[in-house]
Amino acid sequence: AIDQPLDLKIPEQLLMLAVYLSVPEVENKRRSLNVIAGMRRARKEGRYLGVAPKGYDNARDHGLKPIIIPNRDAKYIIKAFELMATAQYSQSQILVKLNKDGFKIGKSQISVLLRNPVYMGKILIKSYESEEECLVDGLHEALVSEKLYCQVQDILNKKKKAHHHIKSKSIDQYPLRGLVICPKCQRKLTASSSRGN
């Protein structure tokens, strides 16, 4: 409130200053809650908000509301899911094949891509306050079937479990790993298998 002169020597004027400073803060909080509510409502309607994932472009529907539409990279996404579903290729092998075909994607992105439910036509709504996380049908066109998507998730989960199983063997082999403390440096000791002995 620039146009409101305040004389801070008068104690009552401090109360007015507090009002002038708190009203905009309250308004910002209200706007924030309205934005969150609007975004959650749009997601529940099946709209993808934000920058479109690989294989899609941002667009507007007839009501000028946001929607995503498949682009020319969609064929590479489909190929990635189909290759993974065969269970004959690792994610890094699929990455190499896609890069050779001209689809540029990073190492860390392939895992995110294969786990994104948007490609089967679903929108993930994260938990918020009392509402639990859920999937809703999206308004966009799915690139892969729900069956293919679930098949890929099963393969990815099995590989993840196999990786954890290998780790647990080393824990069984070295039960004191991470528990014994070095008397000199006071750090936890680790263990490893010696090769060639």
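We did not get these values from a lab; they are worked out from the coordinates using the rules stated. Remember, predicted model here, so these are calculated numbers, not experimental data. Because the Cβ atoms are built from the backbone with ideal geometry, glycine has one as well, and the counts that use them run over all protein chains shown.
Key figures for this structure:
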item	result
Of Ala80, Ile69, Asn58, farthest towards positive along the dipole that unit charges on Lys, Arg, Asp, Glu beta carbons give segment 13-147	Ala80
Answer label for semi-axes √(5λ) of the Cα gyration tensor in Å (calculated), chosen among (i) 46, 35, 16; (ii) 34, 17, 15; (iii) 63, 13, 11	(i)
Dipole moment magnitude, nearest 20 debye, the chain about Cα centre, only Lys, Arg, Asp, Glu C-beta charged	1440
Unsatisfied cross-links (Cα-Cα over 28 Å) in the set Lys75/Lys122; Lys44/Lys97; Lys65/Lys158	Lys44/Lys97; Lys65/Lys158
Segment 1-78, relative contact order [Cα under 8 Å, separation at least 6], %	17
Estimated [θ] at 222 nm from DSSP helical runs (n ≥ 4, -39500 (n - 2.57)) normalised by residues in the chain, nearest 500	-16500 deg cm²/dmol
Span-rule helices in the chain, defined as complete DSSP H runs reaching 27 Å or more along the axis (Cα) with Kyte mean at least -1.0	11-44
Amide H partners (placed H, <5 Å) of Ile67, local residues excluded	Ala59, Arg60, Asp61
